[in-house]
Amino acid sequence: MSLSDRIEGLRTRIQRACAAAHRDPSSVELLPVSKKQPLSLIREAAGMGFTRFGENYVQEGADKAAAAPDLAFVLLGPLQRNKTKPALQHFVEIQSLDRPELAERLRRHAEELDVVRPVWIQVDLWDEASKLGGCPEGDLPALITAIGRDPRLPLRGLMALPPPENVSAFAQMAHLRERLQQDLGQPLHLSMGMSGDLEAAIAAGSDQIRIGTAFFGERVY
Ligand SMILES: *Cc1c(COP(=O)(O)O)cnc(C)c1O
């Protein structure tokens, strides 16, 4: 299947899911996830109007960003403390912020580098942090305090990677979003839903779906 066929198929899935949920399809951002995909394929997608791509590994994303300075890369994968500076240098946005220590380092380096980088809190409500990263619910207040409404790290929303078999996970995220929006007095976006479960995520109110294999095809490891 060609890239344009896959994208066409995805557009149909998104439209159907939005129709079923009485949502406007333009309210759902499709973020292509290009980890382990060659730059040539990313270029092809860019030719079809996509300008932002999700990447999981700081080094891989940095290499792609250097080779394609006209495109923007979003960091989705676990961030190690010693990679906060290159993450800020090569990514336009960081979605995997999950602990206060990272927030503190990001703030310090963002000031040094004189950059603004929107951040998303990666949430783990399912006790999977050891595998995939993510901030447990009880640790959210400390993390939010550490971000501290720093204008260099504007908080865009919540990102989650729920276990695929957990049917109530997206609804849990939607409730958490509601509660935090009230507490913080600001809008928060939800980034959830991948190739296999974008319909359920859209039904629960996701604002951004992150699509790898259904967009680019199988990854080459
Ligand atoms: C790989 C990945 C995706 C995309 O997964 P697919 O199942 O290939 O669509 C989305 N989000 C994150 C954080 C990922 O690591």
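Readers should treat all values here as calculations from the given coordinates under stated rules, not as data from a laboratory. Computed from a predicted model, the values in this text were never measured in an experiment. Heads up, the Cβs are rebuilt from the backbone with ideal geometry, glycines too, and the neighbour counts pull from every protein chain shown.
Between the range 162-219 and the range 29-85, what is the separation of their alpha carbon centroids in Å?
20
Could you please report the charge total around ALA200, scoring K, R as +1 and D, E as -1 over all other residues with beta-carbon less than 12 angstrom from its beta-carbon?
-2
When a footprinting reagent is the concern and you count Cβ atoms within 10 Å, what order do MET1, MET173 take, fewest first?
MET1, MET173
Count of lysine pairs in the range 3-214 with Cα atoms under 19 Å apart, counting only pairs 8 or more residues apart in sequence or on different chains?
For the range 3-214, qualifying lysine pairs total 7.
Determine ³J(HN,Hα), in whole Hz, for all residues of the range 110-125 in sequence, where each value follows from phi through the Karplus function 6.51 cos²θ - 1.76 cosθ + 1.60 and θ = phi - 60°; x replaces Gly and Pro.
3J(HN,Hα) across the range 110-125, in whole Hz: 5, 5, 4, 7, 6, 10, 10, 9, x, 10, 10, 8, 7, 9, 10, 9.
List, in order, the whole-Hz ³J(HN,Hα) value for each residue of the range 64-81 obtained from phi through the Karplus relation with A = 6.51, B = -1.76, C = 1.60 and θ = phi - 60°; use x for Gly and Pro.
Computed from phi, the couplings for the range 64-81 are 5, 5, 5, 7, 9, x, 7, 10, 10, 10, 10, 8, 10, x, x, 10, 7, 4 Hz.
If each DSSP helix of 4+ residues adds -39,500 (n - 2.57) and the sum is divided by the residues in the chain, what number results at 222 nm, nearest 500 deg cm²/dmol?
After summing the helix terms and dividing by residue count, I get -12500 deg cm²/dmol.
Which value, in Å³ per residue, describes the convex hull spanned by the Cα atoms of the chain?
124
Work out the length of the dipole vector of the range 3-214 about its Cα centre, built from +1 on the beta-carbon of each Lys and Arg and -1 on the beta-carbon of each Asp and Glu, and round it to the nearest 20 debye.
320
Can you check what the Kirkwood hydrodynamic radius comes to for the range 34-163, Cα pairs only, in Å to one decimal?
15.0
Just going by the charge dipole of the chain, with Lys and Arg at +1 and Asp and Glu at -1 on Cβ, which of PRO187, HIS109, SER168 is farthest out on the positive end?
HIS109
Report the net charge of residues surrounding LEU106, where surrounding means a beta-carbon distance below 13 angstrom and charges are Lys +1, Arg +1, Asp -1, Glu -1.
Once positives and negatives cancel, what remains is +2.
Stretched out fully, how many nm does the piece from GLN186 to VAL116 gain, at 0.36 nm a residue minus the Cα gap?
23.4 nm
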